[in-house]
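Everything below concerns the one structure shown next.
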Amino acid sequence: MLTSYDYLVTGGAGFIGSHLCERLLSDGKSVCVLDDLSTGSLKNIETLLPSDDFNFIKGSVLSVETVNECVSLCSEIIHLAAAVGVENVINKPVETIETNVGGTENILRAARKNNTKVFIASTSEVYGKSWKVPFAEDGDIVLGPTSRNRWSYACSKALDEFLALAYNQSYGLPVVICRFFNTVGPRQSGRYGMVLPRFINQALTGQPITVFGNGTQTRCFSLVSEVVDSLLALMNNPQAVGKVVNVGSTEEITILELARRVREISGSNSEIIIVPYKDAYPEGFEDMQRRVPDVSRLIGLTGFSPKADTNTIIRKVISWGIPEGVV
Ligand code: UDP
């Protein structure tokens, strides 16, 4: 174990986190991961564990002591640890709110002590049901009522953004905030609700491909490696400090079309079935009809945005193997 690290990555054993750690190590950086393994797994980082430049700490961002210790060891923080997936958000609302709000609060407080630069991962969920597509960072956010707990996730992440911006304004803490739009790729699990690994799992195991609602809702899927490129380019650009930046692809696809493409590209005979929302989700769920990022700020700051097309992404994920599906 080293006495200091270039980066602290919270949630580093998760899907995006493990890809980020891989990249940082291959760039010659040293990395300390803090992860409670609630949705992440050691399997995601098994190839990194033997490296002298890598340290894994199993612990929660809700422990002030652990966070303070980890932050004191590192030059920069990439805070990805959060409650993820529609499944968790709906079934574990207390954990979602507490982890997302309390965790970020602990990270920012600790960062302030040494003025450590912090990256805060936010989400396109923050836009809620805004109809002003594509979504621009300074556009209004439109959330549903507090009686529908899906919105607690968006609200908890919006609060993280407010808090990080407030630390930047009041204390000069260097913070960079990204709103990720449907990031996908190898190692993503379908356990917690993510549509692409689910569809691919269903197609490759001969089960029906379950399209929720009527399938006309749209998303833009970006490849995790390109999301990691964007994240690091923003972290390395002083102009990004104090800003909220969308990170995602602009190729919009309906969920029904996604199901068709997964079926075709995988050569599967699975039937595509329509599952009404009331059978797919518990009471209190509302889906988002369209979600497309405006990436002009990202391009202005980095010169690029995620470009891999949906077919290429589907092929890449299929070639990796059968993703974990619904359990
Ligand atoms: N979805 C679906 N079938 C599934 C899982 C999800 O049709 O087995 C739909 C879901 O209702 C939503 C879209 O796919 O409209 C994306 O869902 P996901 O949970 O991946 O992410 P979200 O964009 O909702 O955060």
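The values are calculated or read from the model by the stated rules, or taken from the named source; none is laboratory data. None of these values were measured; they are calculated from a predicted model. Every residue, glycine among them, receives a Cβ derived from its backbone with ideal geometry; neighbour counts consider all protein chains shown. The accessibility values were calculated without ligands, DNA or RNA, using every heavy atom of the protein model including side chains. Shrake-Rupley method; radii C 1.70, N 1.55, O 1.52, S 1.80 Å.
Please specify each residue of the range 184-228 satisfying the condition of being among the small types (Gly, Ala, Ser) and near the ligand (Cβ under 8 Å from one of its atoms).
GLY190, GLY193, GLY213, GLY215
Tell me yes or no: at least one residue of the range 46-53 is open to solvent by less than 60 Å² (accessible area, probe 1.4 Å) and not in a loop (DSSP other than H, G, I, E, B).
No, the range 46-53 has no match at all.
Of all the residues that make up the range 118-172, how many are open to solvent by less than 40 Å² (accessible area, probe 1.4 Å) and on the phi > 0 side of the Ramachandran plot?
Within the range 118-172, residues that are open to solvent by less than 40 Å² (accessible area, probe 1.4 Å) and on the phi > 0 side of the Ramachandran plot number 1.
Within the range 90-112, does at least one residue satisfy the condition of being surrounded by 16 or more Cβ atoms within 10 Å (Cβ to Cβ), among the aliphatic types (A, V, I, L, M) and more than 18 Å from ASP160 (Cβ to Cβ)?
Scanning the range 90-112 turns up at least one residue that is surrounded by 16 or more Cβ atoms within 10 Å (Cβ to Cβ), among the aliphatic types (A, V, I, L, M) and more than 18 Å from ASP160 (Cβ to Cβ).
Of everything in the range 186-232 that's β-branched (Val, Ile, Thr) and assigned to a helix (DSSP H, G or I), which residue is farthest from the chain's Cα centre (by Cα)?
Step by step, filter the range 186-232, then rank; the result is ILE200.
Just checking, which of ASN68, ASN91 is touching a residue at least 24 places away in the same chain (Cβ under 8 Å), under 27 Å from GLY242 (Cα atoms) and among the polar types (S, T, N, Q)?
ASN68
Only residues that are more than 26 Å from ASN311 (Cα to Cα) and either in a loop (DSSP other than H, G, I, E, B) or open to solvent by 60 Å² or more (accessible area, probe 1.4 Å) (or both): list them for the range 233-275, please.
ASN236, ASN237, PRO238, GLN239, VAL241, GLY242, LYS243, listed by residue number.
Within the range 61-151, which helices (runs of 4 or more DSSP H) (wholly inside it) include 2 or more residues that are modelled with pLDDT under 95 and farther than 25 Å from SER18 by Cβ?
Ranges flagged: 93-114.
Exactly one condition in (1) open to solvent by 10 Å² or more (accessible area, probe 1.4 Å); (2) over 30 Å from ASN114 (Cβ atoms) is not met by PRO197; state its number.
(1)
Which pairs do you get when a residue that is more than 17 Å from THR216 (Cβ to Cβ) and at pLDDT below 90, found in the range 261-287, comes within reach of a residue that is away from the ligand (no atom under 11 Å from the Cβ) and part of a helix (DSSP H, G or I), reach meaning Cβ atoms under 8 angstrom, with the pair 6+ apart or on two chains?
Short answer, once both residue conditions are applied: PRO282/ASN91.
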